[in-house]
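Below is one structure, written out as structure tokens; the observations come after it.
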Amino acid sequence: MKQWTRVRHKVLRDKQSKRSVMREEGLHWETLEKMLAYSQPPGYRRKKRRGRKIDPYVGWIEEVLKADRNVPRKQRHTAKRLYQRLAQEKGYQGGYTAVKEVVAELRARRREVFVPLEHRPGEGQVDFGHALVKEAGQLRRRPFFAMSLPYSDAFFVQVFERECTESFWEGHL
């Protein structure tokens, strides 16, 4: 970054020739042009991906794999069998590895994804409900409050003495 700023300063402010700056800094002319075109280093820019030989056949492979879902597992197409069919039926001239990679991509897209739960400190989960409590030999329905703090694995449960009837909740909801 320091060199970038220094080179831009020499050429743009001090009006030093590009050739002399290239010689002093040991730069290629394309690098110097890039430094002058951008006020900051542009970072990595991904080039557009070239087409692959397998690309025209991806739709066909996808259809075959979709049809395989209705077939018993032992009868499903492997990447090797798909490669053989592509070569014989479709005239595919590419390699087996490309077919294998496409099959892996398509199967990975179809898989179920799980998102891990993340709890920050201080976040809690709260629930209210009813529990059957044995009191003096009799089962009674009692309301309770439960709170858990997943980050610290702490929890709090409070059972209330007052028995609540359905009519009580109807008036308070």
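Looking only at residues in region 83-114 that are aromatic (Phe, Trp, Tyr) and outside any loop (DSSP other than H, G, I, E, B), which one is surrounded by the most Cβ atoms within 10 Å (Cβ to Cβ)?
Looking only at region 83-114, we keep the residues that are aromatic (Phe, Trp, Tyr), and these are 83, 92, 96, 114.
Adding the requirement that they be outside any loop (DSSP other than H, G, I, E, B) leaves 83, 96.
Numbers: 83: 22, 96: 14.
Residue satisfying both the conditions and the ranking: 83.
For the structure I just gave you, tell me whether residue 71 is within 30 Å of residue 152 (Cβ to Cβ) and β-branched (Val, Ile, Thr).
The answer is no for residue 71.
If I ask for residues that are surrounded by fewer than 12 Cβ atoms within 10 Å (Cβ to Cβ) and over 17 Å from residue 108 (Cα atoms), which ones from region 57-72 would you list? Don't jump to the end; show me each part of the working.
So the first thing to find is which residues in region 57-72 are surrounded by fewer than 12 Cβ atoms within 10 Å (Cβ to Cβ), and the list is 59, 63, 66-67, 69-72.
Across region 57-72, the qualifying residues are 70, 71, 72.
When the residues of region 24-56 are filtered to those that are over 28 Å from the mean Cα position of the chain (by Cα) and farther than 20 Å from residue 2 by Cβ, which remaining residue is surrounded by the most Cβ atoms within 10 Å (Cβ to Cβ)?
29
Out of all the residues in region 129-139, which are touching a strand residue (DSSP E or B) at 6+ places or on another chain (Cβ under 6 Å) and either over 24 Å from residue 155 (Cα atoms) or not assigned by TED's automatic domain parsing to the domain that holds residue 162 (or both)?
139
Quick one: is residue 117 of a type in the set (A, V, I, L, M), modelled with pLDDT under 85 and either under 17 Å from residue 155 (Cβ atoms) or in a strand (DSSP E or B) (or both)?
Yes.
The values are calculated or read from the model by the stated rules, or taken from the named source; none is laboratory data. Values in this document were obtained by computation on a predicted structure and should not be read as measured data. In this analysis, Cβ positions are derived from the backbone assuming ideal geometry, glycine residues included, and neighbour counts consider all displayed protein chains.
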